[in-house]
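Some notes on the structure that comes next.
Rule-based calculations on the coordinates, nothing more; no lab input. Just so you know, these numbers come straight off a predicted model, no measurement behind them. Every residue, glycine among them, receives a Cβ derived from its backbone with ideal geometry; neighbour counts consider all protein chains shown.
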Amino acid sequence: MTAMAWLVGVSICFVGAGETSAPKPDARIKAFCVDFNWGASGFAPPGMYTRARAKEHLAWYQAMGVNTIQTFCVSCPGYAWYRSDVAPVQPGMDGDFLKEITDLGHAVDMRVIGYFCVGANAYWSKTHPELSHDFADCIAIPFTTPYLDYLGKIIPEAIARTGIDGFMIDWVFNASHFYPNKTYKWLDCEKTMYQELFGEPFPGEQAMDAARIADFNRRALERCWERIHSATKTAKADCIIWLSCYDLQHPQVVGSRMLQEVDWVMNEHPDPAKLEMARKAVGANVKLIQCICGWGDQHNAAAIVADPRFASMGLYGFARPDAETTLPPEDDSGNARNIAAMRKAFNGAK
């Protein structure tokens with residue numbers, strides 16, 4: 001059945017004002033994201049997916065059987081999916097996509113979760129070249145004070161203007177010397193960060209050995225997390241902060257306050273063997289979610305939903321949409337097979 005046929009076959013039932021509610025707090029998380037971050041090669045150009053309509057997307061999510069929609073506050077290109085005064089709005093967006101799908105989702109008892117890519121924002125890098133490394137479509141942003149000020153403004157604004165239940169944070173890594181195969185020069189802004197984080201002047205590039213770089217990055221991450229957490233919980237105490245992390249054992253992340261204090265953590269890695277490591281990495285009150293769709297055939301959603309090791313865990317998938325329909329294509333790809341397996345599982349186990 002085509003994606004549009006799914007839309008035709010799904011009716012959206014609305015409830016009256018004051019009768020909305022999110023899924024029960026103890027209900028298993030069943031989540032999906034139609035991923036507006038990426039185009040055919042690299043980050044999606046601004047405006048690429050703005051023909052998306054909230055009603056059509058909600059119908060697709062209902063057909064999937066999800067209870068949690070993950071969509072976007074600001075996607076990786078740096079443009080907002082709501083009417084923001086802090087970030088530029090997606091060019092060509094009619095209406096107010098994030099607020100509209102949040103209102104529609106709440107009317108059918110779904111959570112709606114936004115998204116911020118913390119370590120990359122193409123618009124920020126373009127407009128603040130002195131505060132970013134020149135690596136396109138990569139983790140490129142050092143967590144400078146001006147950037148933390150941006151996060152401190154954009155997060156409360158998105159919460160207040162859209163009514164989202166929370167948001168995912170992704171690529172939460174300080175960019176300084178992050179990739180071992182790239183050539184770096186210490187930016188002046190990073191030298192200022194060093195002074196702020198260590199209380200002493202930058203010691204010179206020769207003194208920045210691997211151990212000191214690791215300490216610098218961990219301190220930068222901790223400071224960034226403090227700003228994200230404070231800005232979020234001040235704006236809305238029960239707002240969900242959901243960390244997506246492809247390497248929970250990364251030196252910047254392992255043992256961090258973030259892993260103890262965040263509300264949800266997604267184990268993005270497709271290898272189930274990583275599960276026990278993920279369980280040990282996070283705080284006692286953190287909800288752990290396993291990604292089972294998004295990396296093509298590297299994921300096997302059918303096997304994971306049938307695996308008792310995952311029985312108590314939330315499940316999540318994502319897929320890059322078709323440029324015309326703005327919905328995931330139904331083809332012979334690994335992602336499509338995993339979407340079909342998730343749809344069957346999610347609709348069979350309410």
Next item on the list: Compute the signed sum of charges (Lys and Arg +1, Asp and Glu -1) over the other residues within less than 14 Å, Cβ to Cβ, of H128.
Entry: -4
Next item on the list: Using just the helices of the chain, give the 222 nm mean residue ellipticity in deg cm²/dmol: DSSP H runs with n ≥ 4 each add -39,500 (n - 2.57), and the total is spread over all residues, rounded to 500.
Entry: -10500 deg cm²/dmol
Item checked: Linear extension gain, D271 paired with Y246, 0.36 nm per residue minus alpha-carbon span -> 7.9 nm
Notebook entry, point to check: Bin by bin, in steps of 10 Å, what percent of the Cα pairs in the stretch 272-350 do you find, going until the bin that has the longest distance?
Noted result: 17, 46, 28, 8, 0
Next item on the list: Quick one: work out the % antiparallel among DSSP beta bridges in the chain, nearest 5.
Entry: 5 percent
Check: Given DSSP loops and a limit of at most 15 other Cβ atoms within 10 Å, what is the longest stretch of the chain that contains no such GluC sites (Glu not before Pro)?
Finding: 20-323
Check: Under 5 Å between amide H atoms, partner at least 5 residues away or on a different chain: which partners does A175 have, H built in plane at 1.01 Å?
Finding: I141, F143
Check: Considering the dipole of the chain built from charges on the beta carbon (Lys and Arg +1, Asp and Glu -1) around the Cα centre, which of H133, V118, A306 is farthest to its positive end?
Finding: A306
Margin query: Neighbour counts of other C-beta atoms within 10 Å: give me K287, K185, K344 arranged from fewest to most.
Written below: K185, K344, K287
Note to self: Below 8 Å, C-alpha to C-alpha, sequence gap of six or more: please give me the relative contact order for the stretch 72-187 in percent.
What the structure shows: 30 percent
Checklist line | Ranking of K30, K55, K99 by count of other Cβ atoms within 10 Å, fewest first | finding: K55, K99, K30
Note to self: Can you tell me, using C-alpha contacts under 8 Å and at least 6 residues apart, the relative contact order of the chain as a whole percent?
What the structure shows: 18 percent
Next item on the list: Quick one: angle between helix 334-348 and the longest Cα principal axis of the chain, in degrees between 0 and 90, rounded to 10, please.
Entry: 60 degrees
Item checked: Charged-residue dipole, Cβ positions (Lys, Arg, Asp, Glu), the chain about Cα centre, Debye nearest 20 -> 680 debye
Margin query: Sequence gap at least 6, Cα distance under 8 Å: using those rules, report the relative contact order of the stretch 255-307 to the nearest whole percent.
Written below: 39 percent
Check: So if we plug the beta-carbon distance of K236 and K126 into 1/(1 + (r/R0)^6) with R0 = 30 Å, what FRET efficiency do we get, rounded to 0.05?
Finding: 0.50
Checklist line | Net lengthening on full extension, A303/D332 (0.36 nm per residue, minus Cα-Cα) | finding: 8.6 nm
